[in-house]
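To start, the structure itself, in structure tokens.
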Amino acid sequence: MQVSVIVPCFNERETIEKVIDAVRSLSLPDGEIIVVDDGSTDGTTAVLKGKIAPIVDHIIYQPRNRGKGAALRAGFAAASGEVIVVQDADLEYDPGDYSILLAPIVSGQADAVFGSRFMSGRPHRVLYFWHMVGNKFITLLSNMLTNLNLTDVETGYKAFRASVIKNLELREDRFGFEVEIAAKLAKARCRIYEVGVSYSGRTYEEGKKVNWKDGVRAVYAIVRYNLFA
């Protein structure tokens, strides 16, 4: 089963090489790595063109910063694998968890798998209390409208059957993608599994990008894609 790993990347000069090395070390059978540079301005693009381009299958350069959702749509369209994994470029999620994330799809049980930061006994860095509260509120609101029982709808670690994700019409350009995809998978009656994964969150000083505006957009997206789309 060929796996396409999509790495959306915006201003991750300090971590992009480490992420790619970690993914390549897994030796995924027939795997491919697709990096989407979302208009980086910190020197990431130079690293991609110099050191990364020879060791990955494809790099897509967005002409300007449009957001994670837009980067992922470009990556999904370019992917040729039967299964697609989303791997953030910041090392908050460990590529070593791929076997856990992919198992329900490989076994034929799932169409999509969410890697939860809240249901595992695996290592977690302790950080922001109010981020956790916000995540749980957004997950609760999403679950109420999708009738799913996810523990972490905002997780950045997801895997999909390519035939499923490529047939969904996705619109959100930024972090609203996470709740949009949950709504559309639920409406399509896809088989969704959730597995516990490790999580090494970053501080804002270390480059974390999600903020309260993304939370507001997530609430809007939950309502829009569950009730009006």
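For segment 129-180, a Kirkwood hydrodynamic radius built from all Cα pairs, placed in the Stokes-Einstein relation at 37 °C and 0.692 mPa s, yields a translational diffusion coefficient of 268 µm²/s. Taking amide H atoms as placed 1.01 Å from N in the peptide plane, the amide H of Tyr193 lies under 5 Å from those of Asp111, Ala112, Val113, Phe114, each 5 or more residues away in sequence or on another chain. In this structure, Leu227 and Ala78 have a Cβ-Cβ separation that, at R0 = 25 Å, corresponds to a calculated FRET efficiency of about 0.20.
Site-free segments of the chain were taken between GluC sites (Glu not before Pro) in DSSP loops having at most 13 other Cβ atoms within 10 Å, sites themselves excluded; the longest one is 1-168. Each residue of segment 150-156 was assigned a 3J(HN,Hα) from its phi angle through the Karplus curve 6.51 cos²θ - 1.76 cosθ + 1.60 (θ = phi - 60°); the sequence is 5, 9, 7, 5, 8, 4, x Hz, with glycine and proline shown as x.
Close amide-amide hydrogen proximity is noted between Asp152 and no other residue 5 or more places distant or on a separate chain, at a cut-off under 5 Å (H modeled in the peptide plane; Pro and chain starts excluded).
At q = 0.19, 0.20, 0.25 Å⁻¹ the log10 of I(q)/I(0) for segment 1-73 amounts to -0.72, -0.79, -1.17, computed by Debye summation with a single uniform scatterer per C-alpha, solvent ignored. Across segment 42-110, Cα-Cα distances exceeding 20 Å account for 44% of all pairs.
Structure remark: mean-square fluctuation, Gaussian network model of the chain, C-alpha springs under 10 Å; the largest value among Lys68, Lys18, Lys51 belongs to Lys51. For Glu32, the residues whose modelled amide H falls within less than 5 Å of its own, excluding neighbours fewer than 5 places apart on the same chain, are Val3, Ser4, Val5. Positive contributions from Lys and Arg (+1) and negative ones from Asp and Glu (-1), summed over other residues with Cβ under 15 Å from the Cβ of Val133, come out at -1. Legend: residue pairs Lys18/Lys51; Lys18/Lys49; Lys166/Lys213; Lys158/Lys187; Lys18/Lys136; Lys68/Lys213, Cα-Cα distance threshold 21 Å; pairs beyond threshold, Lys166/Lys213; Lys18/Lys136. Give the calculated FRET efficiency between Ser25 and Ser107 to the nearest 0.05, with a Förster radius of 35 Å applied to their Cβ-Cβ distance. The formula returns an efficiency of 0.90 here. Just so you know, the averaged projected area of the alpha carbon convex hull for the chain sits at 11.4 nm².
Rule-based calculations on the coordinates, nothing more; no lab input. Here the structure is a predicted model, which is why all the values come from computation and not from measurement. All Cβ positions, even for glycine, are placed from backbone atoms using ideal geometry, and neighbour counts span all protein chains on display.
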